[in-house]
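Read the structure below first, then the notes.
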Amino acid sequence: MSLSVPRLWIGSTEIIALADGEGPFFSPRAEAFPEATAAQWAEADRYDPGSVDAEGRWRLQFRAYAIRGDKGLTVVDAGIGPADSPAGSWAPVPGVLPESLAAAGIDPAEVDTVVLTHLHTDHVGWAVVTEAAVPSAGGTVDGNTSTSGRRPYFPNAEYLLQRAEFDALDALNPQLRETLTDPLAAAGRLRLLDGDTPLRAGRAVATPGHTPGHQSVLVADGRELALVTGDLLVHALQLLHPELAYAHESDFEQARHSRERMLGRETGTTLHLATPHLTEPFLSA
């Protein structure tokens, strides 16, 4: 796959799309969006034709984002991960995030903040790794290693997770306690947030519903905004019809409310979307 690194500027803040993989979803898309009509599917396919393959399967991109501002460098989400990552049961591992970071001129050691939008495995894959999983293209990575032999891939970063998401860990995926949160805590790198929180670049915004503690990242300059959505938005259907329920949301109504709240905006405001799974990394809402 191409390792181009598309960029969006919001004032003096640079947002960089970092590819990690692409491949089909693990179940038919009609099951993922059971209420969508044929007309709505046709509308979505016109909007994002790359999201359906020749066999009619939902085709996803898997990407993370970097946000570089005057005060530091933030990475939002950590992709599908290496071959031994928890996402390996369904996602096209190994991912190429280390190569994408290198192509963008980013050394993992210079990242000071990692925002994990939520705890689904395709968003945390490179957050914590084993030594053997790190390709040479990833740059210099030093840091603490936990007793499990796993360590933060971004060794100097504080990893931010909503407390509501951490509290739901056992319901979401108890395996991630050993492979993700315990190593981060052991390295002193895990910070739990309680709702909206300012960041070095932009702010974390609580957008629950997809998971109990889902969060997105909003960057603003005057009346120009960019929202790094996480899985607030996984398919063009949800941009065109935010009310549609997605089968893999923990709370349909809460997710709908979060989408409608974030996609709504004042007249004269420009909203850009940075989405991990749609074909294009940047969209105007």
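The values are calculated or read from the model by the stated rules, or taken from the named source; none is laboratory data. Treat the numbers as computed from the prediction; the structure is a model and nothing was measured. Methodologically, a virtual Cβ is constructed for each residue, glycine included, from the backbone with ideal geometry; neighbour enumeration extends over all protein chains shown.
Considering only residues that are closer than 30 Å to Asp107 by Cβ and not acidic (Asp, Glu), which ones fall in the stretch 10-40?
So in the stretch 10-40, the residues closer than 30 Å to Asp107 by Cβ come out as 10-23.
Passing the criteria: Ile10, Gly11, Ser12, Thr13, Ile15, Ile16, Ala17, Leu18, Ala19, Gly21, Gly23.
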Among the numbered criteria (1) in a strand (DSSP E or B); (2) within 17 Å of Pro242 (Cβ to Cβ), which single criterion is violated by Gln40? (1)
Odd one out for Asp45 among (1) under 22 Å from Leu232 (Cβ atoms); (2) surrounded by 16 or more Cβ atoms within 10 Å (Cβ to Cβ); (3) modelled with pLDDT of 95 or more; (4) in contact with a helix residue (DSSP H, G or I) (Cβ under 8 Å, 6 or more places away or on another chain): (2)
Quick one: is Glu35 assigned to a helix (DSSP H, G or I) and either crowded, with 19+ Cβ neighbours inside 10 Å or modelled with pLDDT of 95 or more (or both)? no
Considering only residues that are in contact (Cβ under 8 Å) with a residue 60 or more places away in the chain and part of a loop (DSSP other than H, G, I, E, B), look in the stretch 208-222 and name the one that is farthest from the chain's Cα centre (by Cα). Gly222
Checked Ala54, Ala132, Ala64 against criteria (at pLDDT 95 or above and of a type outside the set (D, E, K, R)); the one match is Ala64
Breaking point among (1) free of Cβ contacts under 8 Å to residues at least 40 places away in the same chain; (2) of a type in the set (S, T, N, Q); (3) buried (at least 17 other Cβ atoms within 10 Å of the Cβ); (4) in a loop (DSSP other than H, G, I, E, B), for Gln238: (4)
Hey, among the residues in the stretch 1-17 that are outside any strand (DSSP E or B) and either at pLDDT below 95 or among the hydroxyl-bearing types (Ser, Thr, Tyr) (or both), which one's farthest from Thr269 (Cα to Cα)? Met1
Is there a residue being more than 16 Å from the chain's Cα centre (by Cα), within 30 Å of Ala220 (Cα to Cα) and not β-branched (Val, Ile, Thr) anywhere in the stretch 57-67? no
Kindly indicate whether Pro82 is touching a residue at least 12 places away in the same chain (Cβ under 8 Å) and buried (at least 16 other Cβ atoms within 10 Å of the Cβ). yes
Take the conditions within 18 Å of the chain's Cα centre (by Cα) and either under 26 Å from Pro6 (Cβ atoms) or free of Cβ contacts under 8 Å to residues at least 24 places away in the same chain (or both) and apply them to Arg259. Does it pass? yes
Between residues in the stretch 25-42 that are touching a residue at least 40 places away in the same chain (Cβ under 8 Å) and residues that are of a type in the set (D, E, K, R), which pairs lie under 9 Å by C-beta distance while being six or more apart or on different chains? Arg29/Arg57; Glu35/Glu243; Ala36/Arg29; Trp41/Arg29
In the stretch 234-250, residues that are of a type outside the set (S, T, N, Q), under 19 Å from the mean Cα position of the chain (by Cα) and farther than 23 Å from Ser284 by Cβ total 3
Which of the residues belonging to the stretch 241-252 are more than 11 Å from Phe33 (Cβ to Cβ) and either free of Cβ contacts under 8 Å to residues at least 12 places away in the same chain or of a type in the set (Gly, Ala, Ser) (or both)? Ser250
Filter the stretch 193-207 down to residues that are assigned to a loop (DSSP other than H, G, I, E, B) and touching a residue at least 40 places away in the same chain (Cβ under 8 Å), then give me how many there are. 5
Determine whether the stretch 173-192 contains at least one residue that is surrounded by fewer than 18 Cβ atoms within 10 Å (Cβ to Cβ), out of contact with any strand residue (DSSP E or B) (no Cβ under 8 Å at 6 or more places or on another chain), under 17 Å from His123 (Cβ atoms) and touching a residue at least 24 places away in the same chain (Cβ under 8 Å). yes
Those residues that are surrounded by fewer than 17 Cβ atoms within 10 Å (Cβ to Cβ) and at pLDDT 95 or above, I need them from the stretch 255-269; list them, please. His257, Glu260, Arg261
